[in-house]
1. If the chain between residue 5 and residue 27 were fully stretched, how many nm would it gain, using 0.36 nm times the residue separation less the Cα-Cα distance?
2. With a 10 Å radius around each residue's Cβ, average the other Cβ atoms per peptide and rank 38-44, 18-24, highest first.
Amino acid sequence: MDINDLRALYTVLMFLVFIGVCWWAYSKKTKPRFDAAARLPFEEPEFPPRGDRRDTTHDSSGDRT
């Protein structure tokens, strides 16, 4: 077994991995999960972003009130 046999084996293995990933991505079982993930950018956030909340425990000088 020389280096060319290993290269051929690696190529076949990577091709099988590629076919497996394509089969997994396009299977009907994963479609609902991918559809939900595709809608995520368009949904409203449940909580306000962290920068919108103001910390009222400190006054303008930085001392605790």
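1. Using 0.36 nm per residue and subtracting the Cα-Cα distance, I get 4.6 nm.
2. Numbers: 38-44: 7.0, 18-24: 9.9.
Packing order, densest peptide first, comes out as 18-24, 38-44.
Read-outs throughout are calculated quantities, based only on the coordinates presented, and are distinct from any laboratory measurement. This is a predicted model, so every value here is computed, not measured. Cβ atoms come from the backbone with ideal geometry, glycine included; neighbour counts cover every protein chain shown.
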